[in-house]
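Novice: Quick one: the structure is below, questions incoming.
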């Protein structure tokens, strides 16, 4: 049975796909993944998921992003005069969310560090 | 055990103290080195690529641990060549458990062996955490961390092999042939020196006590899996001298070994001799500098 392996480098990062292992069950898959995917690279966490349980849609089945101009979907497209207040609020919200995420991450790192 | 006074550094030990430290270090270093030598025989031969890599990884860990212990013997002036590549096969002190050859494809042997060995490793490292010899004490933490994976690996495999009749029989066969050799893990190198190791507090539990700890851990576990641990019936045989157990003819610890060891030693020193080497190249920093 094949298990896909996802590695997270630091707390707060996404788990990124890094390969797979053959194993009869989840426990063994984690045990093998540890050796193959976490020993040589900085790792905070590993996930394994049965290959069969992963859904996929690819370019044969779908047109990702479509074919027409979608720029009207982006708030920045509307930034042609003095910023519309909605644009400004949205931008500020994103900046604030990013700031909080960083603070949270720094805090986790500091806790993990001692 | 009473709190023992800390021993001085390597240069200031009395002869008796140094002999005790050396015996203990040879037990540790030789076990790790020879266990790793045998594990590496499974490279490209394990049941799957994954199990191959996992065992190779464990072998690498054990070699790393052997290196840490041999390095402490180098404190007394020995070189790596004298300790490993040029030492007489008759002088090694590892348990016969780790030198036994594998029958071709006998994966259950590798698993049972590592299970028995790593459980013993676990109890003996605990008995060194408070060692009176600072150089040993300081290196334990690093090693202990890596040992958790070894036990998890062995147990995961044991449990899965025990699920089916065929696997269980293979485990039983391996256990029958390995168990007496595993008992030699707790055999003395020399009774007087082992007593001194305990008296000086270099090790905080005696070999007999460690053997009990080990039996307390492995026997119920093996029996739960459906395995029969024949002559290790407890607790009647507690507190008896080693000779009460059915020990193999060769103990390893006392420098007597099975034939398989001499072939193995010949093999791993072959390249060194063939190239006419007199010293070993060092590619890594001394553990004290790293």
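Novice: Take residue B:154 and tell me if it is part of a helix (DSSP H, G or I) and within 14 Å of chain A (Cβ to nearest Cβ).
Specialist: Details: part of a helix (DSSP H, G or I): yes; within 14 Å of chain A (Cβ to nearest Cβ): yes.
Here the answer is yes, as residue B:154 does meet what is asked.
Novice: Is at least one residue of region A:72-89 surrounded by 10 or more Cβ atoms within 10 Å (Cβ to Cβ), within 30 Å of residue A:108 (Cβ to Cβ), assigned by TED's automatic domain parsing to the domain that holds residue A:108 and without any contact (Cβ under 8 Å) to a residue 40 or more places away in the chain?
Specialist: Checking region A:72-89: at least one residue is surrounded by 10 or more Cβ atoms within 10 Å (Cβ to Cβ), within 30 Å of residue A:108 (Cβ to Cβ), assigned by TED's automatic domain parsing to the domain that holds residue A:108 and without any contact (Cβ under 8 Å) to a residue 40 or more places away in the chain.
Novice: Return only the number of the condition from (1) modelled with pLDDT under 95; (2) surrounded by fewer than 18 Cβ atoms within 10 Å (Cβ to Cβ) that residue B:159 does not satisfy.
Specialist: Unmet condition: (1).
Novice: I'm checking my understanding of the structure. Among residues of region B:20-55 that are out of contact with any helix residue (DSSP H, G or I) (no Cβ under 7 Å at 6 or more places or on another chain) and in a helix (DSSP H, G or I), which one is farthest from residue A:32 (Cα to Cα)? Please lay out each step first, then the result.
Specialist: To start, the set of residues in region B:20-55 that are out of contact with any helix residue (DSSP H, G or I) (no Cβ under 7 Å at 6 or more places or on another chain) comprises B:21, B:26-27, B:30, B:41, B:45, B:48-49, B:51.
The next check asks that each one be in a helix (DSSP H, G or I); those that pass are B:21, B:26-27, B:30, B:41, B:49, B:51.
Details: B:21: 37, B:26: 32, B:27: 30, B:30: 27, B:41: 19, B:49: 10, B:51: 7 Å.
Filtering region B:20-55 for residues that are out of contact with any helix residue (DSSP H, G or I) (no Cβ under 7 Å at 6 or more places or on another chain) and in a helix (DSSP H, G or I), the one farthest from residue A:32 (Cα to Cα) comes out as B:21.
Novice: Residues being out of contact with any strand residue (DSSP E or B) (no Cβ under 6 Å at 6 or more places or on another chain) and more than 9 Å from every other protein chain (Cβ to nearest Cβ): count how many of those fall in region A:18-35.
Specialist: 1
Novice: May I pose another question? What number goes with the only condition from (1) under 30 Å from residue A:29 (Cβ atoms); (2) not assigned by TED's automatic domain parsing to the domain that holds residue A:30 that residue A:65 does not pass?
Specialist: So residue A:65 meets the others, but not (1).
Novice: Just the residues that are buried (at least 22 other Cβ atoms within 10 Å of the Cβ) and over 19 Å from residue B:155 (Cα atoms), please, taken from region B:39-67.
Specialist: Within region B:39-67, B:65, B:66 qualify.
Novice: Give the residue that is nearest to the chain's Cα centre (by Cα), with candidates limited to residues of region B:4-18 that are farther than 29 Å from residue B:61 by Cβ and not in a loop (DSSP other than H, G, I, E, B).
Specialist: B:17
Novice: Looking only at region B:180-197, count how many residues are buried (at least 19 other Cβ atoms within 10 Å of the Cβ) and over 14 Å from the mean Cα position of the chain (by Cα). Spell out the reasoning first.
Specialist: Looking only at region B:180-197, we keep the residues that are buried (at least 19 other Cβ atoms within 10 Å of the Cβ), and these are B:181-189, B:194, B:197.
Next, from what is left, pick out any that are over 14 Å from the mean Cα position of the chain (by Cα): B:194, B:197.
Number of matching residues: 2.
Novice: Filter region A:36-59 down to residues that are part of a helix (DSSP H, G or I) and either more than 12 Å from chain B (Cβ to nearest Cβ) or within 17 Å of the chain's Cα centre (by Cα) (or both), then give me how many there are.
Specialist: Step one: of region A:36-59, the residues part of a helix (DSSP H, G or I) are A:36-38, A:51-53.
Now restrict to residues that are either more than 12 Å from chain B (Cβ to nearest Cβ) or within 17 Å of the chain's Cα centre (by Cα) (or both): A:51-53.
Going through region A:36-59 one residue at a time, the tally reaches 3.
Novice: Of the residues B:95, B:81, B:46, which is touching a residue at least 60 places away in the same chain (Cβ under 8 Å) and within 14 Å of chain A (Cβ to nearest Cβ)?
Specialist: Working: B:95 fails: within 14 Å of chain A (Cβ to nearest Cβ); B:81 fails: within 14 Å of chain A (Cβ to nearest Cβ).
Testing whether each residue is touching a residue at least 60 places away in the same chain (Cβ under 8 Å) and within 14 Å of chain A (Cβ to nearest Cβ) leaves just B:46.
Novice: Here's another thing I want to ask about it. Read through the list (1) within 17 Å of the chain's Cα centre (by Cα); (2) not in a loop (DSSP other than H, G, I, E, B), then give the number of the only condition that residue B:108 fails.
Specialist: The single condition residue B:108 does not satisfy is (1).
Novice: Continuing with the same structure: Would you check if there is a residue in region A:36-51 being under 26 Å from residue B:58 (Cβ atoms) and without any contact (Cβ under 8 Å) to a residue 24 or more places away in the chain?
Specialist: yes
The values are calculated or read from the model by the stated rules, or taken from the named source; none is laboratory data. Being a predicted model, the structure only gives us computed values, none of them experimental. Counting neighbours? That spans all protein chains shown, and the Cβs are built from the backbone with ideal geometry, glycine included.
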